[in-house]
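First comes the structure, then the notes that go with it.
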Amino acid sequence: MSTATQDPTIRRRPRKAKGSDADTRRTNWWVTAFIAVCSLTVLVPLYLAVVVALKTPDQLTTGTGFEWPTEVRWENFAEAWERTNFPQAITNTGLITVFALVFTLLTNSLVAYALARNMHRRFFKGVYFYLLAALFIPFPIIMLPVAKQTGMLHLDNQVGLIILYTVFGLSLNVFIYTAYIRSIPIELEEAARMDGASTWGVFWRVIFPLLSPMNATVGILTCVWAWNDFILPLVILTDPAARTLPLANYVFQGQFNTDYTVAFASYLMAMAPLMLVYVFSQRWVISGVTRGSVK
């Protein structure tokens, strides 16, 4: 006789019914409906942009605008490519975005680490709240002084634009980094110091690799901001050859009319690289967030 039969205190594990491996969690239909409605706010304008970009000017004036074009006009993309000088504009935008992303991740995380580990000191706490206060200052208030200073320092170019993206993103990024760094056990740093690591070594070998979830978040915010920003390149850049994609797309805005079909084609071309970057990098972003949640 088996042990399970002899000892009445031992309970047999109930057998799983066939098909019990399926997810039995209930679906929250209210949340599902809310997400579906919110998705329409993105999908409907995207569909409208695609439809308008494929129409002729005559087709755009008839109907409601949501009809699929009876005659697809691919020449809109070719015309947008020439009128915006797309290769040069996308090169300028890509270089500014990449360098702004790299400098932001390296410098902002370092500043946040210094503040997070010295928050008990009055000076560092004051600097932290000073940076947070900068979040409440609208850019138009400081726009003219910044444009004047960059011109005086000969930074009214792509280099100055990269520096400004790195500095202006410091307030929000420090707020994001600091809370996460303070959740990292201090014992990890103490163990590294006992092995002979310096402060720089502790940060680059221990802390920075653990910041992958926050680096993903800050990286996405920085890329979207630097790629789509219009007002900062408008007031900073003085060389027409250095204009970015948002500035190049402004060529379609005339005083009396706007060429919507070619303009929307240009908007889709400017939006496509950023969407491709997100599609190919989302698995690293999701895996980074997952590692951070189980840290």
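All of the numbers you see were taken from the coordinates with simple rules; none came from a lab. Small disclaimer: the values here were computed from a predicted structure and weren't measured. Every residue, glycine as well, gets a Cβ built from its backbone with ideal geometry; the counts of neighbours run over all protein chains shown.
Per-structure values
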| quantity | calculated |
| --- | --- |
| Low-density loop cleavage sites - GluC sites (Glu not before Pro) in the range 162-211, where at most 16 other Cβ are within 10 Å (DSSP) | none |
| Potential lengthening between residue 277 and residue 200 on full extension [0.36 nm per residue; Cα-Cα distance subtracted] | 24.6 nm |
| Phi-based couplings in Hz for the range 194-201 (Karplus 6.51, -1.76, 1.60; Gly and Pro marked x) | 5, 7, x, 6, 7, 4, 5, x |
| Dipole moment magnitude, nearest 20 debye, the range 51-147 about Cα centre, only Lys, Arg, Asp, Glu C-beta charged | 1080 debye |
| For the range 259-280 versus the range 112-151, the gap between their alpha-carbon centres in whole angstrom | 34 Å |
| Backbone HN-Hα couplings from phi across the range 70-78 [Karplus 6.51/-1.76/1.60, Hz, Gly and Pro as x] | 6, 10, 6, 10, 6, 5, 4, 6, 5 |
| Extension gain from residue 186 to residue 35, taking 0.36 nm per residue of separation minus the Cα-Cα distance | 50.4 nm |
| Residues of the range 164-186 with amide N under 17 Å of a point placed 7 Å along Cα→Cβ from residue 135 | 167-183 |
| Among 113-124, 87-98, the order from most to least packed when residues are scored by Cβ within 10 Å on average | 87-98, 113-124 |
| Chymotrypsin sites (Phe, Trp or Tyr not before Pro) restricted to the range 44-91 and DSSP loop, no more than 16 other C-beta within 10 Å | 66, 74 |
| Whole-Hz ³J(HN,Hα) from phi, Karplus 6.51 cos²θ - 1.76 cosθ + 1.60, for the range 118-126, glycine and proline x | 10, 5, 6, 8, 5, 4, 5, 5, x |
| Sites matching chymotrypsin sites (Phe, Trp or Tyr not before Pro) across the range 171-266 that sit in DSSP coil, with at most 14 neighbouring C-beta atoms within 10 Å | 230, 256 |
